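What follows is a single structure, written as structure tokens, with notes after it.
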């Protein structure tokens with residue numbers, strides 16, 4: 001199996017072109033988003049809610065009996081919001097712009113738009129446990145160039161992944177959200193220095209996650225299967241001794257977000273049904289993610305950085321460190337996120353049967369999250 005130069009270039013172009021088709025959030029979208037937050041998070045109906053040019057205004061009388069600071073913090077996080085203003089009791093009503101003379105009837109009222117991660121029922125939008133930015137094996141769409149240092153088999157590689165996390169069913173119990181979903185992904189490495197860009201390795205995974213969220217705390221319990229496969233051209237060219245690596249795994253992760261600035265997470269996992277059978281089962285994982293508060297909204301892009309650390313019992317608990325930093329763009333194709341990231345990895349290879357090999361690489365990638 002090979003990856004031709006034109007095909008690889010096309011994937012990078014498709015990832016980048018999504019910026020061009022992105023559309024900024026308008027006032028109607030922001031108003032619906034804000035109304036949904038007030039209803040679902042604070043059990044409020046706010047007739048005075050208005051949005052003009054990204055500025056949310058709401059009468060103080062509509063916020064009686066709730067924590068105004070918490071309301072303002074939630075509304076300020078909405079993509080496209082410039083600021084939130086609370087009008088004092090007794091202030092005159094806002095002037096409503098008259099429709100153009102040629103307009104004979106006002107537009108039909110639109111129902112409030114519920115944010116994707118607050119929709120309920122079967123096949124809701126979004127997910128309540130956010131992707132781990134620096135995890136080398138978190139399923140999503142990506143294409144990256146990687147340069148390896150001192151590796152006997154690879155110098156320059158193309159790392160391509162296809163996959164995503166989907167919510168199958170979500171419900172709300174009191175203030176908490178619960179969700180069962182599906183994860184699937186393929187993670188492939190191609191040798192860019194080989195004559196036909198040989199496929200070196202492809203890892204396949206499928207998992208069933210059960211996720212939980214309460215305000216800024218979230219967790220995910222996941223059962224998954226993973227298997228690894230070497231590329232034919234690479235196998236014939238190098239005569240590598242193939243290992244039929246496969247296993248089932250159960251893992252648990254907990255995460256806490258400090259506003260929109262810092263996220264920390266930690267967890268552990270255990271293997272069973274592993275091949276080779278001598279593969280030690282235990283592992284731990286932890287990390288943090290930083291999101292810059294600048295530029296202020298309504299700007300849709302911002303710098304981000306993340307570090308993910310994994311320790312495997314099989315490798316004597318040595319640390320495998322993955323670090324990524326770059327730019328994240330919100331609202332691509334309405335609700336997606338596009339990231340352009342510099343990448344660094346130092347530790348045991350995440351690529352299938354090479355799990356015993358220590359590698360170090362630097363890279364540049366485009367990552368697309370639904």
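The values are calculated or read from the model by the stated rules, or taken from the named source; none is laboratory data. Computed from a prediction, not measured in an experiment: that's the story for all the values here. Glycine gets a Cβ as well: all are built from the backbone with ideal geometry, and neighbour counts include every protein chain shown.
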Worksheet entry | Exclusive hit being modelled with pLDDT under 80, surrounded by 18 or more Cβ atoms within 10 Å (Cβ to Cβ) and not in a strand (DSSP E or B), set 16, 35, 25 | 25
Item to complete: Within region 162-176, track down each residue that is in a strand (DSSP E or B), surrounded by fewer than 23 Cβ atoms within 10 Å (Cβ to Cβ) and touching a strand residue (DSSP E or B) at 6+ places or on another chain (Cβ under 8 Å).
Response: 162, 163, 164, 166, 168, 169, 171, 172, 176
Worksheet item: Where residues in region 78-88 are outside any strand (DSSP E or B) and in contact with a helix residue (DSSP H, G or I) (Cβ under 9 Å, 6 or more places away or on another chain), which of them is surrounded by the fewest Cβ atoms within 10 Å (Cβ to Cβ)?
Response: 88
Discussion item. Any residue at all in region 231-251 that's farther than 30 Å from residue 154 by Cα, under 24 Å from the mean Cα position of the chain (by Cα), surrounded by fewer than 19 Cβ atoms within 10 Å (Cβ to Cβ) and in contact (Cβ under 8 Å) with a residue 60 or more places away in the chain?
Written reply: no
Practice prompt. Being closer than 18 Å to residue 79 by Cα and either touching a residue at least 60 places away in the same chain (Cβ under 8 Å) or crowded, with 17+ Cβ neighbours inside 10 Å (or both) is the filter here, so list the residues in region 284-295 that pass it.
Written response: 291
Worksheet item: Can you spot a residue in region 274-281 that is in contact with a strand residue (DSSP E or B) (Cβ under 9 Å, 6 or more places away or on another chain), crowded, with 17+ Cβ neighbours inside 10 Å and over 30 Å from residue 114 (Cα atoms)?
Response: yes
Discussion item. Anything in region 49-62 that is surrounded by 16 or more Cβ atoms within 10 Å (Cβ to Cβ) and in contact with a strand residue (DSSP E or B) (Cβ under 7 Å, 6 or more places away or on another chain)? List them, or say none.
Written reply: 49, 50, 56, 57, 58, 59
Item to complete: Scan region 206-218 for residues that are in contact with a strand residue (DSSP E or B) (Cβ under 6 Å, 6 or more places away or on another chain) and surrounded by fewer than 19 Cβ atoms within 10 Å (Cβ to Cβ) and report the count.
Response: 7
Worksheet, complete the sentence: A careful count of residues in region 59-69 that are assigned to a helix (DSSP H, G or I) and without any contact (Cβ under 8 Å) to a residue 24 or more places away in the chain gives 4
Discussion item. For residue 265, only one of the following conditions fails: (1) more than 30 Å from residue 302 (Cα to Cα); (2) surrounded by 20 or more Cβ atoms within 10 Å (Cβ to Cβ). What is its number?
Written reply: (1)
Worksheet item: Going by the conditions given, is residue 306 in the same structural domain as residue 142 (by TED's automatic domain parsing) and at pLDDT below 95?
Response: no
